[in-house]
Structure formats: C-alpha cells, structure tokens
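*Asks:* My structure is below; once you've seen it, I'll send some questions.
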Amino acid sequence: QVQLLESGGGLVQAGGSLRLSCAASGRTFSRYSMGWFRQAPGKEREFVAGLDWSGGIYYVTSVKGRFTISRNNAENTVYLQMNSLKPEDTAVYYCAASFLGSASASAGYNYWGRGTQVTVSS
C-alpha cells in the first residue's frame, strides 16, 4: 500500500507557473505508475498526466506543451511542472498511483492523495 501527499498548489496569475509535488510512502515506488488528475467545481474529475513505471508518458490534450510530469524514484516523488497557466486550469489537483499498471487516462488507479488547490487568476 502507498500513501500520497500533494503539495505546491496556490494562487498564480494567468501565464505563470507552479510545480506540484507528490510524495509517496513505501519502498516500491519505482513500480508504481503515477498520475495527476484535477477536478474543477461542478465538473467531473479529469485525467491530466501520467507516467508509467516503465517510462511511458501521457497528457490530456489541453495541457500538452504546457505541463510536464516527471518522477524521482530515489526520493519517492512525482512532479507536475505547470507553465503558461490559464484560468481554466483552476482545480483541485490529485496525485494517484497504480501498482505496475498503465498510467494512461483509462488506467485503474488504486491510491489517491487528498489534493492540492490550484487557482489561476485572469
């Protein structure tokens, strides 16, 4: 089992940047595929980005070229670098993990963090 804790959210102006971090517990972090999701008020949760345990990377179309997902297995941490932020990126961002699974949007993520708020002002 793995526990996830997100950090790095906040308030930023449109065009700005934020880096989200997700720290994971456990000793088998390298075998987890990791993903970032977001949920805006009144909307369903949306897949944002995923990084397979084997290296495959996936992004939702709306963030391609602006967001970058990465991981540091030595530090049990996955990151989401968000550049050129837009007001429509405002949401609670969640980190998720899938043991030896795919990180694609349709993957069955088993573990979830509590989320971190990202607010982008216009």
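*Asks:* For segment 36-52, state whether one or more residues are on the phi > 0 side of the Ramachandran plot, assigned to a loop (DSSP other than H, G, I, E, B) and either acidic (Asp, Glu) or exposed (fewer than 14 other Cβ atoms within 10 Å of the Cβ) (or both). Spell out the reasoning first.
*Replies:* First, pick out the residues of segment 36-52 that are on the phi > 0 side of the Ramachandran plot: 42.
Right, trim to assigned to a loop (DSSP other than H, G, I, E, B) and you get 42.
When the remaining residues are screened for being either acidic (Asp, Glu) or exposed (fewer than 14 other Cβ atoms within 10 Å of the Cβ) (or both), the result is 42.
Yes: one or more hits.
*Asks:* Need the failing condition index for Ser102 against (1) open to solvent by 30 Å² or more (accessible area, probe 1.4 Å); (2) in a strand (DSSP E or B), just the number.
*Replies:* Failing condition for Ser102: (2).
*Asks:* Restricting attention to segment 5-12, does a residue exist that is out of contact with any strand residue (DSSP E or B) (no Cβ under 8 Å at 6 or more places or on another chain), over 17 Å from Pro87 (Cβ atoms) and open to solvent by 60 Å² or more (accessible area, probe 1.4 Å)?
*Replies:* No, segment 5-12 contains no residue that is out of contact with any strand residue (DSSP E or B) (no Cβ under 8 Å at 6 or more places or on another chain), over 17 Å from Pro87 (Cβ atoms) and open to solvent by 60 Å² or more (accessible area, probe 1.4 Å).
*Asks:* Another question about this same structure. Leu85: touching a residue at least 12 places away in the same chain (Cβ under 8 Å), out of contact with any helix residue (DSSP H, G or I) (no Cβ under 8 Å at 6 or more places or on another chain), open to solvent by less than 20 Å² (accessible area, probe 1.4 Å) and farther than 19 Å from Tyr111 by Cα, yes or no?
*Replies:* On the way: touching a residue at least 12 places away in the same chain (Cβ under 8 Å): yes; out of contact with any helix residue (DSSP H, G or I) (no Cβ under 8 Å at 6 or more places or on another chain): yes; open to solvent by less than 20 Å² (accessible area, probe 1.4 Å): yes; farther than 19 Å from Tyr111 by Cα: yes.
For Leu85, the condition - touching a residue at least 12 places away in the same chain (Cβ under 8 Å), out of contact with any helix residue (DSSP H, G or I) (no Cβ under 8 Å at 6 or more places or on another chain), open to solvent by less than 20 Å² (accessible area, probe 1.4 Å) and farther than 19 Å from Tyr111 by Cα - is met.
*Asks:* Here's something else I'd like to know. Can you work out which of the residues in segment 58-67 that are open to solvent by less than 70 Å² (accessible area, probe 1.4 Å) and assigned to a strand (DSSP E or B) is farthest from Ala23 (Cα to Cα)?
*Replies:* Start the filter on segment 58-67 by keeping residues that are open to solvent by less than 70 Å² (accessible area, probe 1.4 Å), which leaves 59-60, 62-63, 66-67.
Remaining after also requiring assigned to a strand (DSSP E or B): 59, 67.
Details: Tyr59: 20, Phe67: 19 Å.
It comes out as Tyr59.
*Asks:* Restricted to segment 40-76, and to residues that are β-branched (Val, Ile, Thr) and without any contact (Cβ under 8 Å) to a residue 24 or more places away in the chain, which residue is nearest to Leu4 (Cα to Cα)? Don't jump to the end; show me each part of the working.
*Replies:* In the first step, residues of segment 40-76 are kept if they are β-branched (Val, Ile, Thr); the result is 48, 57, 60-61, 63, 68-69.
Of the ones still in play, those that are also without any contact (Cβ under 8 Å) to a residue 24 or more places away in the chain are 61, 68.
On the way: Thr61: 25, Thr68: 19 Å.
Among those residues, the one meeting the criterion is Thr68.
*Asks:* A further question on this structure: Going through segment 68-93 one residue at a time, which ones are closer than 13 Å to Ala24 by Cα, in a strand (DSSP E or B) and in contact with a strand residue (DSSP E or B) (Cβ under 7 Å, 6 or more places away or on another chain)?
*Replies:* Taking segment 68-93 as the starting set, the residues that turn out to be closer than 13 Å to Ala24 by Cα are 71-79.
Okay, now just the ones that are also in a strand (DSSP E or B), so 71-72, 77-79.
Arg71, Thr77, Val78, Tyr79 - these are the residues of segment 68-93 that are closer than 13 Å to Ala24 by Cα, in a strand (DSSP E or B) and in contact with a strand residue (DSSP E or B) (Cβ under 7 Å, 6 or more places away or on another chain).
The values are calculated or read from the model by the stated rules, or taken from the named source; none is laboratory data. The structure displayed is predicted, hence computed values, not measured ones. Ideal geometry is used to build each Cβ from the backbone, glycine not excepted, and the neighbour counts take in all protein chains shown. Please note that ligands, DNA and RNA were not included when accessible areas were found on the heavy atoms of the full protein model with its side chains. Shrake-Rupley method; radii C 1.70, N 1.55, O 1.52, S 1.80 Å.
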